[in-house]
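This report refers to the structure that appears directly beneath it.
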Amino acid sequence: MNITEWIVKIPVLLFAITIHEYAHGRAALWLGDPTAKQMGRLSLNPLPHIDPFGAICLFLFNFGWAKPVPVNPGYFKEVRRGIIIMSLAGPLANIGAALAAGLLIRYLFLPWDLYRTLLIYTLIMNIGLGLFNLIPVPPLDGSHVLENVLPAHAAQKYREIGRYGPMVILGVVLLDNFAHTGIIARLLIGPMRYFASLFSGINF
């Protein structure tokens, strides 16, 4: 990437991560849990959400993470329903940001290189982050959704298996980066192209 793309990539990544975590905290507060707000995580300032090691991995391997927003499901009136809503809020915030960028590309795509690069990165990165987090492997958001739609017995089995989830994700990322297996790309590239084209009108 040239210097312009790097200048754009960093704030777009920070924006995508920040709205993702903010949406989790906002949804939890709406459901009755003030934990994120009390701990200063209900903020659009990216600094409280950054995990230093996760940020380094993000730039080195195109895979990283933020500090999870603290949530206490005990505040939710319907715990399983509340966890599902709270878990979906982050990915949906990213998809919403991608949709907004796509609409600007469709209807206000000005002939400025920096502006166009900003919109395209916002579109692609938010779709990627949103879809990646919907994969039902712990600790991703999709795993919390799946766990809470399964019957209680199946959910317990899923939790037991899920303890290996972080190792599976790390292994896949390492294979993708060093053995060039393209596992994550095979899972995400097709849906990412579909939604990017749908939102922006550009054939990706």
Legend entry - Restricting the stretch 77-123 to residues that are assigned to a loop (DSSP other than H, G, I, E, B) and under 23 Å from Phe195 (Cβ atoms), the residue that is modelled with the highest pLDDT: Leu108
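Here is a yes/no grid of residues against (1) in a helix (DSSP H, G or I); (2) of a type in the set (Val, Ile, Thr); (3) surrounded by 18 or more Cβ atoms within 10 Å (Cβ to Cβ); (4) in contact with a strand residue (DSSP E or B) (Cβ under 9 Å, 6 or more places away or on another chain):
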| position | (1), (2), (3), (4) |
| --- | --- |
| Thr4 | yes, yes, no, no |
| Lys9 | yes, no, no, no |
| Val12 | yes, yes, yes, no |
| Ala23 | yes, no, yes, no |
| Leu29 | yes, no, yes, no |
| Gly32 | no, no, no, no |
| Ala36 | yes, no, yes, no |
Inset, instruction - Just one of (1) at pLDDT 95 or above; (2) assigned to a helix (DSSP H, G or I) trips up Phe53, so point out which. - result: (1)
Legend entry - Only listed residue being of a type outside the set (Phe, Trp, Tyr) and more than 22 Å from Val8 (Cβ to Cβ), chosen from Gly128, Gly201, Gly171: Gly171
Legend entry - Test: residue in the stretch 49-56 that is among the charged types (D, E, K, R) and in contact (Cβ under 8 Å) with a residue 60 or more places away in the chain: no
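Table: residues versus (1) closer than 27 Å to Tyr22 by Cβ; (2) in contact (Cβ under 8 Å) with a residue 60 or more places away in the chain; (3) charged (D, E, K, R); (4) surrounded by fewer than 16 Cβ atoms within 10 Å (Cβ to Cβ).
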{"site": "Arg116", "(1), (2), (3), (4)": "yes, no, yes, yes"}
{"site": "Tyr121", "(1), (2), (3), (4)": "yes, yes, no, no"}
{"site": "Phe132", "(1), (2), (3), (4)": "yes, no, no, no"}
{"site": "Val173", "(1), (2), (3), (4)": "yes, yes, no, no"}
{"site": "Ile183", "(1), (2), (3), (4)": "no, no, no, yes"}
{"site": "Asn203", "(1), (2), (3), (4)": "no, no, no, yes"}
Legend entry - Evaluation of Pro68 against (1) closer than 22 Å to Leu146 by Cβ; (2) within 16 Å of the chain's Cα centre (by Cα); (3) part of a helix (DSSP H, G or I) (one fails), failing number: (3)
Inset, instruction - Could you check how many residues of the stretch 133-175 are outside any loop (DSSP other than H, G, I, E, B) and within 21 Å of Ala28 (Cα to Cα)? - result: 10
Legend entry - Sole residue being touching a Ser or Thr at 6+ places or on another chain (Cβ under 8 Å) and more than 17 Å from Leu188 (Cα to Cα), chosen from Gly90, Gly165, Gly96: Gly165
Inset, instruction - Would you tally the residues in the stretch 189-201 being part of a helix (DSSP H, G or I) and either touching a His at 6+ places or on another chain (Cβ under 8 Å) or surrounded by fewer than 16 Cβ atoms within 10 Å (Cβ to Cβ) (or both)? - result: 7
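The values are calculated or read from the model by the stated rules, or taken from the named source; none is laboratory data. Quantities reported herein were computed from a predicted structural model and do not represent experimental measurements. Every residue, glycine among them, receives a Cβ derived from its backbone with ideal geometry; neighbour counts consider all protein chains shown.
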